[in-house]
Amino acid sequence: MPLQTPPLRGIHDERGAKFTEFGGWDMPVEFDSIQTEHAAVREDVGIFDVSHMGQIHVTGPDATELMQRLTSNDVSRLGVGDSQYAAITDEDGTVIDDTVVYRLPDEDETPQDSHGDGDADGEPTYLFVPNAGTDEATHERWLSYRNEWDLEATVDNRTDEYAMFAVQGPNAVDLVASVTEDPVGDLERFEARYATIDGVDCWTARTGYTGEDGFELIVPWADAAEIWAALDCQPCGLGARDTLRIEAGLLLAGQDFDPEDNPRTPYEAGIGFTVALETEFVGRDALAAVDAAGVDERLVGFQLIDRGVPRHGYDITTTESRVIGTVTSGTMSPTLEKPIGLGYVPVEYAEPGTTLQVVVRGQSKKARVETTPFIDTV
């Protein structure tokens, strides 16, 4: 099956990007070097093409109820221009995916009417972002439950209609503000509005996946090249995106959790804050039981004390070499210049400062449990 391609695949190729397959997409993994791109985001500003992320649009009289019952957070708290991080769980409380849910201007409003915060007078409208390669399955899940519950809502998979760019770094706000007359600089974290860039209405959210300040922009597919060119800064690939998110202690779907290969609840994965037990959603009862009983294992961050680099799949052991877990993510931190990683361990080994070992290419390396994020984040 051929790989899906982002709208700027040719532009990235001309810029000299190297590509990799990710979630069924052919995406740039680096443009110059991971080190250069990572440093740009930590010290200045960089831009990522993340058009491989899904875009599911939900509207109608029962849109809020549908979103509420299929995501773990409290969607009813969202006003127009608000967003929230949430988990999508199955009946057992296992995380299928994590996502960001945006409350868009209501269906009867146009982007031109909604460059401020807007009012919620029409049919509620949401856009949420499932991870790469999961948009079709997620779309089918929403349709199936909508029909089962007899709810009145329109659910559209618009992944092929929008590009998505992430502008991240300490100078990201100034860069985006310089190319639009709309007041994006006053947006708080997890707030969004439409902003016009070169005559194109872009949904501009103060969210990100790097631990730095910045925006994620959702733009019409046909206008992607124009917007990318307007946001003139260091282009960054998925390689730097990975090192940045590990330093920030952020999860990668399919790696730090996977419903088949590494099933985890939000409480095990360290995202229990996304669970609103006062709401009714698929998996709620199972998660209430987990919340009451506690978990046996938790995701922790660690730093290698000995020389070596932890990688996904490496064993985590006690100091007596008894295997107690597996590395889910690991890298040599460009910012800290130290090897760091994430992995699940029994709760009795999860306290920061606990000494563990990671087996790197057959050799046990001393490691220490650390508080995440590993760096200061916004």
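The values are calculated or read from the model by the stated rules, or taken from the named source; none is laboratory data. This structure is a prediction, so every number in the text was calculated from the model and none was measured. Cβ atoms come from the backbone with ideal geometry, glycine included; neighbour counts cover every protein chain shown. Heads up: the accessible areas ignore ligands, DNA and RNA and are worked out on the full protein's heavy atoms, side chains in. Shrake-Rupley method; radii C 1.70, N 1.55, O 1.52, S 1.80 Å.
With the simple model of a label 7 Å out from the Cα in the direction of the Cβ, Glu351 to Glu260 spans 3.9 nm. Taken over the C-alpha atoms, the range 300-378 has Rg and Dmax values of 11.3, 38 angstrom. Loop-resident chymotrypsin sites (Phe, Trp or Tyr not before Pro) (DSSP state other than H, G, I, E or B) in the range 128-187 with no more than 10 further Cβ atoms inside 10 Å of their Cβ are absent. The alpha carbon gyration tensor of the range 212-322 gives principal lengths a ≥ b ≥ c with a/c of 1.5 or higher and a/b no greater than b/c, which makes the shape oblate. For Leu356, the residues whose amide H sits under 5 Å from its own are Ala367, Arg368, Val369, ignoring neighbours fewer than 5 places away on the same chain, with H placed 1.01 Å from N. Pick out, from His57, Thr180, Val290, the residue whose Cα sits farthest towards the positive end of the charge dipole of the chain, with +1 on the Cβ of Lys and Arg and -1 on the Cβ of Asp and Glu. Looking along the dipole axis, the top candidate is Val290. For the range 56-157, how big is the tail of P(r) above 20 Å, as a whole percent of Cα pairs? Result for the distance tail: 34 percent. The simple Förster model, with R0 at 56 Å and r as the Cβ-Cβ distance, assigns Arg77 and Glu320 a FRET efficiency of 0.75.
Calculation over all alpha carbon pairs of the chain in 10 angstrom steps from 0 returns a P(r) of 5, 23, 32, 27, 11, 2, 0 percent. Ligands, DNA and RNA left out, the 1.4 Å accessible surface of the chain is 43% carbon and sulfur atoms. Build a GNM of the chain with springs between Cα atoms under 10 Å apart, and of Val167, Val309, Val323 the one that fluctuates most is Val323.
Of the residues Ala240, Ala87, Ala288, the one that moves most in a GNM of the chain with alpha-carbon contacts below 10 Å is Ala288. Its Cα gyration tensor gives the range 44-86 an equivalent ellipsoid; the semi-axes, largest first and in whole Å, are 26, 13, 10. On a per residue basis, the range 296-377 carries 50 Å² of accessible surface, using protein heavy atoms and a 1.4 Å probe.
Candidate cross-link partners of Lys338 among the lysines, defined by an alpha-carbon separation under 23 Å and a same-chain spacing of 8 or more, comprise Lys365, Lys366.
For Glu337 and Glu148, the FRET efficiency from 1/(1 + (r/R0)^6), where r spans their Cβ atoms and R0 equals 35 Å, is about 0.10.
The length gained on full extension between Ala222 and Gln363, counted as 0.36 nm times the residue separation minus their Cα-Cα distance, comes to 45.6 nm.
Under a model in which nothing but the beta-carbon of Lys, Arg (+1) and Asp, Glu (-1) is charged, the range 296-377 shows a dipole of about 360 debye around its Cα centre. Based on Cα contacts under 8 Å between residues 6+ apart, the chain shows a relative contact order of 18 percent. Once backbone amide H atoms are built at 1.01 Å from N, Gly237 has Phe31 as its partners under 5 Å, excluding neighbours fewer than 5 places away on the same chain.
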